[in-house]
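Derivation of every value follows stated rules applied to the coordinates shown; laboratory data play no part. This structure is a prediction, so every number in the text was calculated from the model and none was measured. Quick reminder, even Gly has a Cβ in these numbers, built from the backbone with ideal geometry, and neighbours come from all protein chains shown.
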Amino acid sequence: MQYEAVIGLEIHSELKTDTKIFCGCRTTFGAEQNTHVCPVCLGLPGVLPSVNKKVVEFAIKAGLATNCKINEYSKFDRKNYYYPDLPKNWQTSQYDLPIAEHGFVEILVDGEKKKIGLTRIHMEEDAGKLVHSGTNIKDSASSNVDYNRTGVPLIEIVSEPDMRSAAEARAYMEKIKAILEYIDVSNCRMEEGNLRADINVSLRPVGEEKLGTRTEMKNINSFKALEDAINYEIERQTEVLEDGGKIIQETRTWDPAKGVTLSMRSKEDAHDYRYMPEPDLPPIVTTKEEIEAYRKSLPELPDARRAQLESEYGLSEYDATIITSSRDMAEYFDGVVATGADAKQAANWIMGDLSKNLNSDGITIKDSPVEAKRLGEMIALIEKGTISGKIAKQVFAEMWKNPDPPEKIVKDKGLVQITDTKAIEGIVDEVIAKNQKAVEDYKNGNKKAIGALVGQVMKASKGKANPQTVNELLAKKLEA
């Protein structure tokens with residue numbers, strides 16, 4: 001039997017406020033354990049919380065940016081459960097009246113657009129952080145609790161079960177990340193836990209509408225882990241079903257070292273949490289006028305920016321989607337094009353050598369040692385014929401470790417392209433004389449043989465000969 005995966009994500013995003021959601025404690029990441037705490041976020045008896053207005057503003061903006069309906073009346077609820085990182089034994093969250101619901105975003109996978117529905121966006125407080133003695137909770141002998149994160153403001157973005165593959169789930173989470181970065185409500189640093197996802201995966205026979213039993217994987221905080229965990233879970237569930245077994249509704253954890261998901265506990269349903277209205281917080285009332293003011297304050301969003309790059313610069317949909325996948329990358333592209341560089345060339349270098357170097361060094365585009373202006377200046381040298389595309393790769397590699405302007409690097413390293421026809425002609429004549437077999441192959445009808453000769457000329461000139469001139473001279477001499 002063939003099975004279809006049904007995938008939904010619950011994305012938790014920390015909001016970039018200075019203070020926590022219900023108290024004045026700082027939200028700074030990396031502080032000494034249990035130093036950013038107070039009686040309110042520790043849930044001590046007799047304390048009263050108050051709502052951080054900035055959290056409400058950011059949640060509304062996130063809802064508007066994802067095409068949600070903003071509820072003019074919403075409220076907080078107590079989600080009751082026991083876990084060591086939850087000092088009150090309940091999490092202040094939202095249940096039946098969230099701040100936003102019924103939205104959608106569009107994703108692009110393998111050239112196909114797809115609309116992914118959003119069930120809701122709600123505000124809540126984060127729990128503390130368990131610090132395990134081992135690599136994960138399953139292999140640890142002990143765990144300590146850091147309550148600094150307790151009360152840090154979150155929005156939880158709950159999708160509809162509209163995704164059918166790990167690639168679609170990744171594209172969806174990347175789109176959510178891009179939107180949150182564009183509207184500047186979250187740092188989205190996945191390595192710091194700013195953005196993480198709980199993944200729900202179930203299988204059903206192809207063609208069937210009824211959903212299968214789902215499992216949930218908690219706190220996935222990288223795109224690679226997201227894809228790997230989903231692919232493994234699809235494979236695991238398929239094997240269970242094909243062997244005649246049944247899927248158990250449970251919460252599982254992803255073990256990246258072993259590349260497997262591991263069972264943690266049975267999965268709770270909403271009624272297990274015994275939701276009740278939060279008696280210590282008033283409802284959130286937002287007027288239509290306030291909602292419209294927030295809507296007007298939103299910047300240009302990724303989809304609109306992508307459409308602009310396609311229409312204004314003629315970029316392909318794929319290139320424009322990659323460039324606008326993060327606000328920082330889109331702004332870097334703007335900086336390169338502002339120097340007068342060709343947009344397609346700018347996109348190619350950003351998606352190619354720049355991204356490759358950023359990934360290998362494990363840094364973001366904001367920390368790139370090659371600033372947008374310098375990359376634009378290097379592209380200008382290619383367009384002027386000062387350097388070839390091949391030499392440009394050497395120049396870029398040098399720019400990565402050398403802050404000098406690209407023009408100075410080209411001059412100091414003697415990388416100026418040879419455009420003097422007579423100088424190139426001398427190298428061409430020498431290559432023809434030394435490669436008679438390739439010459440004969442060409443003259444006998446194998447026109448591809450010219451490629452080997454071009455390669456020899458470029459090698460002899462150390463890559464500095466103008467490739468167009470080389471091709472023209474070789475063709476002229478071989479046809480003579």
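Averaged across orientations, what area in nm² does the convex hull of the alpha carbons in segment 300-412 project?
On the way: hull surface 26.6 nm².
In nm², the orientation-averaged hull projection of segment 300-412 is 6.7.
In nm, give the distance between the simple-model label positions of E300 and R204, each being 7 Å from the Cα along the Cα-to-Cβ direction.
Going by the 7 Å Cα→Cβ label model, 4.1 nm.
Of the peptides 25-38, 159-172, how do they stack up when ordered by the mean number of other Cβ atoms within 10 Å, highest first?
On the way: 25-38: 14.7, 159-172: 20.8.
Order by mean packing, descending: 159-172, 25-38.
Out of residues 5 or more away from N71 or on other chains, whose amide H comes under 5 Å of its own, with H placed 1.01 Å from N in the peptide plane?
Sorted by chain and number, the residues that satisfy this are A100, E101.
Which order, highest average first, do 245-251, 320-326, 175-181 follow once you tally other Cβ atoms within 10 Å for each residue and take the mean per peptide?
Answer by packing, highest mean first, reads 175-181, 320-326, 245-251.
Per DSSP H run of at least 4 residues, take -39500 (n - 2.57); add these up for the chain, divide by its residues and hand me the 222 nm value, nearest 500 deg cm²/dmol. All intermediate terms of the calculation are to be shown ahead of the outcome.
On the way: 16 runs with 184 residues, N = 480.
Calculated at 222 nm, the ellipticity per residue is -12000 deg cm²/dmol.
Output the peptides 370-376, 102-108 sorted from most to least packed, where packing is the average of other Cβ atoms within 10 Å over each peptide's residues. Don't jump to the answer; show the numbers that get you there.
Details: 370-376: 20.3, 102-108: 18.3.
Packing proxy ranking, top to bottom: 370-376, 102-108.
Taking 7 Å along the Cα-to-C-beta vector as the label spot, tell me the K476-Q436 distance in nanometres, rounded to one decimal.
2.5 nm
Nearest 10 degrees is fine. How inclined is helix 223-242 to the longest principal axis of the chain, computing both from alpha carbons?
Approximately 70 degrees, to the nearest ten.
Taking θ = phi - 60°, what integer Hz values does the Karplus form 6.51 cos²θ - 1.76 cosθ + 1.60 yield along segment 200-205, in sequence order, with x for Gly and Pro?
9, 10, 9, 10, 8, x
Filter K61/K288; K53/K114; K69/K114 down to the pairs with a C-alpha to C-alpha distance above 24 Å, please.
K53/K114
Once the Cβ-Cβ distance between A338 and F29 is put in as r, and R0 is 25 Å, what FRET efficiency do you end up with, to the nearest 0.05?
The calculated FRET efficiency here is 0.15.
Give me the distance in nm between label points sitting 7 Å out from Cα along the Cα-to-Cβ direction at E371 and E239, one decimal.
A separation of 5.4 nm, rounded to one decimal place.
Kindly flag which residue pairs out of K393/K477; K16/K177; K175/K224; K393/K413; K224/K258 have an alpha-carbon separation exceeding 20 Å in this structure. Could the numbers behind the result be given before it?
Working: K393/K477 30 Å; K16/K177 13 Å; K175/K224 15 Å; K393/K413 13 Å; K224/K258 14 Å.
Over 20 Å apart, Cα to Cα: K393/K477.
Bin width 5 Å, alpha-carbon pairs only: give the P(r) of segment 1-150 as whole percents, running from 0 to the bin holding the largest distance.
2, 8, 14, 17, 16, 14, 12, 10, 5, 2, 1, 0
How many angstrom lie between the C-alpha centres of segment 391-460 and segment 150-181?
48 Å
Given a Förster distance of 41 Å, report the FRET efficiency between I137 and E312 from their Cβ-Cβ distance, rounded to the nearest 0.05.
Working: r = 50 Å, r/R0 = 1.22.
So, using R0 = 41 Å, E works out to roughly 0.25.
Residue by residue, what Karplus-based ³J(HN,Hα) values in Hz, rounded to whole numbers, does segment 361-377 have, using 6.51, -1.76 and 1.60 with θ = phi - 60° and x for Gly and Pro?
Taking θ as phi minus 60°, the curve returns 8, x, 10, 8, 5, 5, 9, 4, x, 9, 6, 4, 4, 5, 5, x, 5 Hz for segment 361-377.
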